[in-house]
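Engineer: Have a look at this one before I ask anything.
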Amino acid sequence: MKLKNVFALNVLAATLAACGGGDVNLNPSVTPASSAAAASSTPVTPSSSSVASSSSSSVAAVACATYTQAGQTFQGALSGNNCSYPAAFASNSKQITVNLTIPELPNGGVHVFEGSIFIGEDVDNNAAVGGKRIPQNGEGATLTIAAGAKIAFQNGTDYLRIARGSRIVADGTKAKPIIFSAVKDLVQNTATVADRGLWGGLQINGNGLTNKCTDAQRAATSNNVHSCHVLSEGLPGTYGGNNNTESSGSLKYVVVKHAGYKVVEGNELNAVNFNAVGSGTVVDHVQSYAAQDDAFEWFGGAVNAKHIVAVATSDDSFDFTEGYVGHIQYALSVAPAGVGGNHCVEADNAGTDRPDNIKPLTKVRISNLTCVSNNVTRNTGTVISPDGDSIGLLIREGFFIELYNSIVTSNDVGMASKSLFIFHDTEGPETIKAATDGWSVAKSNLFAGTGGTAQTRVNAANAGFTTAAWLANATNTNNVVVSATNQLPVSVLKNLATNDKAYLTLPTLTDATSAAINIALFDVSKLADLVQPNVNTAPVAGTSAFFANPTHLGAASETNDWVAGWTVGL
Ligand SMILES: [Ca+2]
Ligand SMILES: [Ca+2]
Ligand SMILES: [Ca+2]
Ligand SMILES: [Ca+2]
């Protein structure tokens with residue numbers, strides 16, 4: 001779409017100041033009625049008298065986002081119900097280093113950005129060596145997005161980047177989620193589930209721990225807070241540091257649609273990228289829909305997440321790596337029929353070509369995960385994905401997991417599936433050794449699908465390991481695997497046999513003989529929370545500040561349907 005020019009309002013502001021700000025004759029065809037209010041840098045509501053008195057036009061008193069930086073004021077231009085923001089307002093060659101608020105627009109209006117939005121100063125290695133302080137824990141800029149705001153981007157290379165030490169505060173509500181998507185979706189209304197990667201995605205960079213840095217790099221230097229600088233995958237952004245408790249803001253009731261950007265295989269921007277984001281950040285009720293590459297990926301850091309949804313992801317719904325340690329509760333991954341995608345969970349500590357035992361180690365405690373795979377093979381299906389077969393969880397490359405109260409199943413006919421849970425060693429024995437040593441744990445989980453469980457590339461040091469035997473050992477209580485065709489189908493999710501987007505756990509689970517499958521829930525709230533570096537142990541009893549004692553297996557149930565009402569594609 002054609003974007004109107006943005007107006008550098010410094011001249012206008014000076015004019016307004018000179019004439020006292022009143023009785024100004026603004027041309028409503030080029031300047032929104034509320035510009036006088038914006039130029040005064042005093043927040044004014046559309047109903048305020050100053051707006052009403054300064055505008056005699058019929059243009060609604062809609063305020064597009066505005067900010068003043070280095071003496072210049074920038075504001076989006078109203079175009080119909082939408083606000084347009086050309087490159088002068090925000091782009092990948094401009095960092096917004098002051099606070100910015102994006103309001104909700106009336107009448108379904110959309111904020112349309114011509115380029116990327118870069119919030120805060122990205123202090124890279126060169127700048128940091130030169131003595132530029134790396135902003136810490138809110139010292140940078142804050143982007144605040146109002147509930148109900150819709151933000152659209154144009155190109156795969158356009159993304160929202162939050163620099164280290166800056167914040168995003170995107171607190172939507174169930175009735176008014178905040179939506180990030182593409183012009184094709186929000187403005188043209190023509191996007192389908194096959195439209196992945198229409199724009200880049202969210203990239204939040206933090207000063208948390210990543211095992212791509214060393215202890216020496218994490219230490220303070222003579223002229224800076226640390227010297228850990230990792231370049232993000234996908235599109236430029238620097239992350240890493242020494243504060244795993246940092247806050248990068250909050251994401252509540254946020255929907256990210258049609259995002260992701262693949263530079264080359266193995267170097268991709270995901271829909272939501274947590275790059276060394278600290279545990280002070282709040283992530284609660286966030287969905288990815290039709291993502292290129294992963295829906296959510298955590299690169300180091302310690303940000304927890306609750307009530308997260310990934311639908312129709314091309315690669316992995318939830319991907320953990322680089323020393324991330326954190327907690328996930330109520331997580332739903334659905335691959336609709338025919339829509340290709342790879343793992344529900346793909347997790348490693350140090351990817352290919354890096355030794356698997358690099359510290360800090362990656363460990364995730366997950367409770368109430370539901371994975372609905374669909375048995376689609378790589379490069380097949382109605383919506384093709386090049387990223388792999390439709391698989392449940394893949395645990396590898398030095399990753400440790402705790403999995404509780406979860407369901408991994410398939411919506412294909414007869415619960416036909418690929419593997420539902422796979423361990424493998426790649427460049428060391430750590431992953432499977434951690435499982436056999438009890439660092440990794442699985443309790444109270446149901447795996448239902450013909451693919452069953454698997455173990456691949458087992459290191460010689462772990463010869464004889466099978467995932468099935470591990471799930472049945474004395475530590476890993478109450479796990480049920482149903483895979484034999486004469487035992488399937490089982491009743492697991494409401495309407496699973498007829499609805500490829502089913503996700504609600506049934507009150508009673510049954511096997512092929514209609515016998516009940518009873519899986520006692522595990523009270524994950526009675527565990528001490530995970531923190532670095534003490535993750536190379538079995539779980540320790542305590543009291544969690546994050547987990548609730550679950551009332552059902554899997555992500556959601558009819559008595560706890562937190563998914564309905566704000567998500568899309570289900
Ligand atoms: Ca990825
Ligand atoms: Ca993958
Ligand atoms: Ca991945
Ligand atoms: Ca590795």
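Engineer: Go through (1) touching a residue at least 40 places away in the same chain (Cβ under 8 Å); (2) more than 16 Å from ligand 4 (Cβ to nearest atom); (3) under 26 Å from the mean Cα position of the chain (by Cα) and name the single condition MET415 misses.
Structural biologist: MET415 satisfies all of (1) touching a residue at least 40 places away in the same chain (Cβ under 8 Å); (2) more than 16 Å from ligand 4 (Cβ to nearest atom); (3) under 26 Å from the mean Cα position of the chain (by Cα) except (3).
Engineer: ASP293: among the charged types (D, E, K, R), touching a Lys or Arg at 6+ places or on another chain (Cβ under 7 Å), assigned by TED's automatic domain parsing to the domain that holds LYS212 and more than 16 Å from ligand 4 (Cβ to nearest atom), yes or no?
Structural biologist: Working: among the charged types (D, E, K, R): yes; touching a Lys or Arg at 6+ places or on another chain (Cβ under 7 Å): yes; assigned by TED's automatic domain parsing to the domain that holds LYS212: yes; more than 16 Å from ligand 4 (Cβ to nearest atom): yes.
It is true that ASP293 is among the charged types (D, E, K, R), touching a Lys or Arg at 6+ places or on another chain (Cβ under 7 Å), assigned by TED's automatic domain parsing to the domain that holds LYS212 and more than 16 Å from ligand 4 (Cβ to nearest atom).
Engineer: Within the bounds of the range 298-311, is there any residue that is more than 30 Å from ASP561 (Cα to Cα), buried (at least 24 other Cβ atoms within 10 Å of the Cβ), within 16 Å of ligand 4 (Cβ to nearest atom) and at pLDDT 95 or above? First the steps, then the outcome.
Structural biologist: Within the range 298-311, the first condition is being more than 30 Å from ASP561 (Cα to Cα), and the residues that meet it are 300.
Then keep just the ones that are buried (at least 24 other Cβ atoms within 10 Å of the Cβ); that gives 300.
Remaining after also requiring within 16 Å of ligand 4 (Cβ to nearest atom): 300.
Add one more test, that the residue is at pLDDT 95 or above, and what stays is 300.
Within the range 298-311, one or more residues are more than 30 Å from ASP561 (Cα to Cα), buried (at least 24 other Cβ atoms within 10 Å of the Cβ), within 16 Å of ligand 4 (Cβ to nearest atom) and at pLDDT 95 or above.
Engineer: Going by the conditions given, is SER367 within 16 Å of ligand 1 (Cβ to nearest atom) and not hydrophobic (A, V, I, L, M, F, W, C)? Write out each step before concluding.
Structural biologist: Numbers: within 16 Å of ligand 1 (Cβ to nearest atom): no; not hydrophobic (A, V, I, L, M, F, W, C): yes.
Here the answer is no, as SER367 does not meet what is asked.
Engineer: What are the residues in the range 387-397 that are under 21 Å from ILE328 (Cβ atoms), more than 16 Å from ligand 1 (Cβ to nearest atom) and assigned to a loop (DSSP other than H, G, I, E, B), if any?
Structural biologist: Within the range 387-397, SER390 is the sole residue that qualifies.
Engineer: Quick one: ASP425 ticks every box in (1) closer than 25 Å to VAL339 by Cα; (2) modelled with pLDDT under 95 except a single one, so which number is it?
Structural biologist: (1)
Engineer: Every residue in the range 319-352 that is within 16 Å of ligand 4 (Cβ to nearest atom), in a strand (DSSP E or B) and under 18 Å from CYS371 (Cβ atoms), please. Outline the logic, then answer.
Structural biologist: To start, the set of residues in the range 319-352 that are within 16 Å of ligand 4 (Cβ to nearest atom) comprises 319-324, 346-352.
Still in the running and in a strand (DSSP E or B): 319-321, 346-347.
Those that are within 16 Å of ligand 4 (Cβ to nearest atom), in a strand (DSSP E or B) and under 18 Å from CYS371 (Cβ atoms): ASP319, PHE320, GLU346, ALA347.
Engineer: Restricting to the range 341-387, name every residue that is within 22 Å of SER417 (Cβ to Cβ), in contact with a strand residue (DSSP E or B) (Cβ under 7 Å, 6 or more places away or on another chain) and within 11 Å of ligand 2 (Cβ to nearest atom).
Structural biologist: Answer for the range 341-387, where residues must be within 22 Å of SER417 (Cβ to Cβ), in contact with a strand residue (DSSP E or B) (Cβ under 7 Å, 6 or more places away or on another chain) and within 11 Å of ligand 2 (Cβ to nearest atom): ASN342, HIS343, CYS344, VAL345, GLU346, ALA347.
Engineer: Return only the number of the condition from (1) within 13 Å of ligand 1 (Cβ to nearest atom); (2) on the phi < 0 side of the Ramachandran plot that LYS306 does not satisfy.
Structural biologist: Of everything listed in (1) within 13 Å of ligand 1 (Cβ to nearest atom); (2) on the phi < 0 side of the Ramachandran plot, LYS306 misses just condition (1).
Engineer: What number of residues within the range 290-311 are aliphatic (A, V, I, L, M), more than 15 Å from ligand 2 (Cβ to nearest atom) and assigned to a loop (DSSP other than H, G, I, E, B)? Let's see the steps before the verdict.
Structural biologist: Filtering the range 290-311 down to residues aliphatic (A, V, I, L, M) leaves 290-291, 295, 302-303, 305, 308-311.
If we keep only those that are more than 15 Å from ligand 2 (Cβ to nearest atom) as well, we get 290, 302-303, 305, 308-309, 311.
Narrowing the set further to residues that are assigned to a loop (DSSP other than H, G, I, E, B) leaves 290, 302-303.
Number satisfying all stated conditions: 3.
Engineer: Tally time: how many residues in the range 324-338 are more than 18 Å from PHE547 (Cα to Cα), crowded, with 24+ Cβ neighbours inside 10 Å and away from ligand 3 (no atom under 16 Å from the Cβ)?
Structural biologist: Residues that pass the stated criteria total 1.
Engineer: Could you pull out every one of the strands (runs of 3 or more DSSP E) wholly within the range 108-176 that has 3 or more residues that are of a type outside the set (D, E, K, R) and farther than 18 Å from GLY301 by Cα? Even if it seems obvious, please write down each step before you answer.
Structural biologist: Details: elements: 111-113, 117-119, 142-145, 150-153, 160-162, 167-171.
Of the strands (runs of 3 or more DSSP E) lying wholly inside the range 108-176, those with at least 3 residues that are of a type outside the set (D, E, K, R) and farther than 18 Å from GLY301 by Cα span 111-113, 117-119, 142-145, 150-153.
Engineer: State all residues of the range 96-110 that are out of contact with any Gly (no Cβ under 7 Å at 6 or more places or on another chain) and either in contact (Cβ under 8 Å) with a residue 60 or more places away in the chain or not aliphatic (A, V, I, L, M) (or both); if no residue qualifies, say none. Let's see the steps before the verdict.
Structural biologist: Our first condition is that a residue be out of contact with any Gly (no Cβ under 7 Å at 6 or more places or on another chain); within the range 96-110, this holds for 96, 98-103, 105-110.
Matches in the range 96-110: ASN99, THR101, PRO103, PRO106, ASN107, GLY108, GLY109, VAL110.
Engineer: ARG365 is checked against (1) within 16 Å of ligand 4 (Cβ to nearest atom); (2) part of a strand (DSSP E or B) and fails just one. What number does that condition carry?
Structural biologist: (1)
Engineer: Given the range 458-570, what strands (runs of 3 or more DSSP E) lie entirely inside it while holding 2 or more residues that are surrounded by 21 or more Cβ atoms within 10 Å (Cβ to Cβ), in the same structural domain as LYS174 (by TED's automatic domain parsing) and modelled with pLDDT of 95 or more?
Structural biologist: Values: elements: 480-482, 491-493, 504-510.
It comes to 491-493, 504-510.
Engineer: Out of curiosity, is SER84 in the same structural domain as VAL187 (by TED's automatic domain parsing), modelled with pLDDT of 50 or more and over 21 Å from ILE145 (Cβ atoms)?
Structural biologist: No; evaluated as a whole, the condition is false for this residue.
Engineer: Among the residues of the range 398-406, is there at least one that is surrounded by fewer than 24 Cβ atoms within 10 Å (Cβ to Cβ) and within 16 Å of ligand 1 (Cβ to nearest atom)? Step through it out loud before you land on a result.
Structural biologist: Going residue by residue through the range 398-406, those that are surrounded by fewer than 24 Cβ atoms within 10 Å (Cβ to Cβ) are 401-402.
Checking the rest, the ones that are also within 16 Å of ligand 1 (Cβ to nearest atom) come to none.
No - not one qualifying residue is present in the range 398-406.
Engineer: Also, quick follow-up: Of all the residues that make up the range 418-445, how many are within 13 Å of ligand 4 (Cβ to nearest atom) and part of a strand (DSSP E or B)?
Structural biologist: We begin by selecting, within the range 418-445, every residue within 13 Å of ligand 4 (Cβ to nearest atom); these are 424-431.
Okay, now just the ones that are also part of a strand (DSSP E or B), so 424.
Result for the range 418-445: 1.
Residues checked against (1) touching a helix residue (DSSP H, G or I) at 6+ places or on another chain (Cβ under 7 Å); (2) farther than 21 Å from THR144 by Cβ; (3) near ligand 1 (Cβ under 9 Å from one of its atoms); (4) hydrophobic (A, V, I, L, M, F, W, C):
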| site | (1), (2), (3), (4) |
| --- | --- |
| GLY249 | no, no, no, no |
| GLY260 | no, yes, yes, no |
| VAL264 | no, yes, no, yes |
| GLU268 | no, yes, yes, no |
| ALA276 | no, yes, no, yes |
| VAL283 | no, no, no, yes |
| SER288 | no, yes, no, no |
| ASP293 | no, yes, yes, no |
| PHE296 | no, yes, no, yes |
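Engineer: Check off (1) crowded, with 22+ Cβ neighbours inside 10 Å; (2) more than 16 Å from ligand 1 (Cβ to nearest atom); (3) within 23 Å of the chain's Cα centre (by Cα) for ILE384 and give me the number that stays unchecked.
Structural biologist: Failing condition for ILE384: (1).
Engineer: I'm checking my understanding of the structure. Among residues of the range 260-284 that are part of a loop (DSSP other than H, G, I, E, B) and over 15 Å from GLY156 (Cα atoms), which one is farthest from ligand 4 (Cβ to nearest atom)?
Structural biologist: Just the residues of the range 260-284 that are part of a loop (DSSP other than H, G, I, E, B), to begin with: 260, 265-266, 270-271, 276-281.
Among the residues that remain, those that are also over 15 Å from GLY156 (Cα atoms) are: 265-266, 276-281.
Working: GLU265: 17, GLY266: 13, ALA276: 19, VAL277: 22, GLY278: 25, SER279: 25, GLY280: 29, THR281: 27 Å.
If we take residues in the range 260-284 being part of a loop (DSSP other than H, G, I, E, B) and over 15 Å from GLY156 (Cα atoms), then GLY280 is farthest from ligand 4 (Cβ to nearest atom).
The values are calculated or read from the model by the stated rules, or taken from the named source; none is laboratory data. As the structure is a computational prediction, the values presented were derived from the model and not from experiment. Cβ coordinates were reconstructed from backbone atoms using ideal geometry, including for glycine residues, and neighbour counts include every protein chain displayed.
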